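**Q** Structure incoming, see below.
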Amino acid sequence: AQSVTQPDARVTVSEGASLQLRCKYSYSATPYLFWYVQYPRQGLQLLLKYYSGDPVVQGVNSFEAEFSKSNSSFHLQKASVHWSDSAVYFCALSLPSGTYQRFGTGTKLQVVP
Amino acid sequence: DAGVTQTPRHEVAEKGQTIILKCEPVSGHNDLFWYRQTKIQGLELLSYFRSKSLMEDGGAFKDRFKAEMLNSSFSTLKIQPTEPKDSAVYLCASRDNANTEVFFGKGTRLTVV
């Protein structure tokens, strides 16, 4: 079965510091991978997606993620965080054959002064 | 172009009541999803429709949860009867096809007392 694991429930970083949110997936082949952000009382918004090709993908608001087949990972990164990045971040996967998206349990990011 | 619209945004129900949540997907989208979101379980799939046909039905939710697509632009999720453990945020989402972005509504927060 396919699954997504986000090992860190909460991450706290200082404003201006770099960020990495971890995501590991379980699937025998290469899935489609996604990162979403959820602000309070809002739905999920797509940050970036990976289907194939260049393992480093760029997303909105200077976020990027790197796909690693050998590590079954799709970690989200940002060089310098801003207080407005405080939110919950979800990693998700779906299959190229077309199914629903499976989500990790989310990582709550808090950016402190 | 309007996004995914969910109504109501908040619902309070007494145990044993029947409630109906509504969703209007993005116009022209073929796939529609219902998810339940809780802090402990994260996002769990309730139903997945493709071109109004039910493709996936979350196994754990079959007995009291019923999603329908009355037409391509409107879906409902009925919970009957409600129980306190159903208190959660219910998210509706849609996408054009398997290779495109999923758009989420802002969710309905259900409280069962």
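**Q** Scattering from the C-alpha atoms of the range A:69-110 alone, worked out with Debye: what is log10 I(q)/I(0) at q = 0.16, 0.18, 0.33 1/Å?
**A** -0.58, -0.70, -1.18
**Q** Within 10 Å, count the other beta carbons around each residue, average over each peptide in A:84-90, B:58-64, B:26-32, and list them highest first. It would help to have the intermediate numbers written out before the result.
**A** Details: A:84-90: 19.3, B:58-64: 12.3, B:26-32: 17.6.
The most tightly packed comes first, giving A:84-90, B:26-32, B:58-64.
**Q** On to the next question. Report for chain A the percent antiparallel among DSSP-assigned beta bridges with both residues inside it, nearest 5.
**A** Details: 33 of 38 bridges.
Restricted to chain A, the bridges split so that about 85 percent are antiparallel.
**Q** Binning at 10 angstrom from zero up to the longest distance, how are the C-alpha pair distances of the protein assembly as shown distributed in percent?
**A** Per 10 Å bin, starting at 0, the Cα pair percentages come out as 8, 33, 35, 19, 5, 0.
**Q** Cα-Cα over 27 Å: which of A:Lys24/B:Lys85; A:Lys108/B:Lys85; A:Lys49/A:Lys69? Can you show the working numbers first?
**A** Details: A:Lys24/B:Lys85 29 Å; A:Lys108/B:Lys85 23 Å; A:Lys49/A:Lys69 15 Å.
Where the Cα-Cα span goes over 27 Å, the pairs concerned are A:Lys24/B:Lys85.
**Q** Relative to the Cα centre, what is the charge dipole magnitude of the protein assembly as shown, using +1 at the beta carbon of each Lys and Arg, -1 at the beta carbon of each Asp and Glu, and rounding to the nearest 20 debye?
**A** Details: 24 positive and 20 negative charges, 93 e Å.
Magnitude of the dipole: close to 440 debye.
**Q** Quick check for me: using +1 on Lys/Arg Cβ and -1 on Asp/Glu Cβ, what's the dipole size of chain B about its Cα centre, in debye to the nearest 20?
**A** Details: 15 positive and 14 negative charges, 56 e Å.
So the magnitude is around 260 debye.
**Q** A further question on this structure: Report, for the protein assembly as shown, the % of DSSP beta bridges that are antiparallel, rounded to 5. Intermediate values should be presented prior to the final figure.
**A** Details: 71 of 80 bridges.
Restricted to the protein assembly as shown, the bridges split so that about 90 percent are antiparallel.
**Q** Another question, then. At 0.890 mPa s and 25 °C, plugging the Kirkwood radius over alpha-carbon pairs of chain A into Stokes-Einstein gives what diffusion coefficient in µm²/s?
**A** Values: Rh = 14.1 Å.
It comes out at roughly 174 µm²/s.
**Q** Continuing with this model, one more query. In peptide A:38-45, what is the residue-averaged number of other protein chain Cβ atoms found within 10 Å of each Cβ? Don't skip to the answer; put the middle values down first.
**A** Details: counts 6, 0, 0, 6, 4, 14, 11, 4.
Per-residue shielding by partner chains comes out at 6.
**Q** Follow-up question, since we're still on this one. Quote the charge dipole size of the range A:3-112 about the Cα centre in Debye, to the nearest 20; the model charges only the Cβ of Lys and Arg (+1) and of Asp and Glu (-1). Walk me through the numbers on the way to the answer.
**A** Values: 9 positive and 6 negative charges, 64 e Å.
Dipole of the range A:3-112, to the nearest 20 debye: 300 debye.
**Q** Let me confirm one metric for peptide B:82-94, namely the mean number of other chain beta-carbon atoms within 10 Å of its residues' beta-carbons.
**A** Average per residue, whole number: 1.
**Q** Hey, any idea what Rg/Rh is for the range B:5-112, computing Rh the Kirkwood way over Cα pairs?
**A** Details: Rg = 12.9 Å, Rh = 13.7 Å.
Reported Rg/Rh, Kirkwood definition of Rh: 0.94.
Each reported figure results from applying straightforward, stated rules to the coordinates on display, with no laboratory input. Everything numeric here is computed off the predicted structure, so don't read it as measured data. Methodologically, a virtual Cβ is constructed for each residue, glycine included, from the backbone with ideal geometry; neighbour enumeration extends over all protein chains shown.
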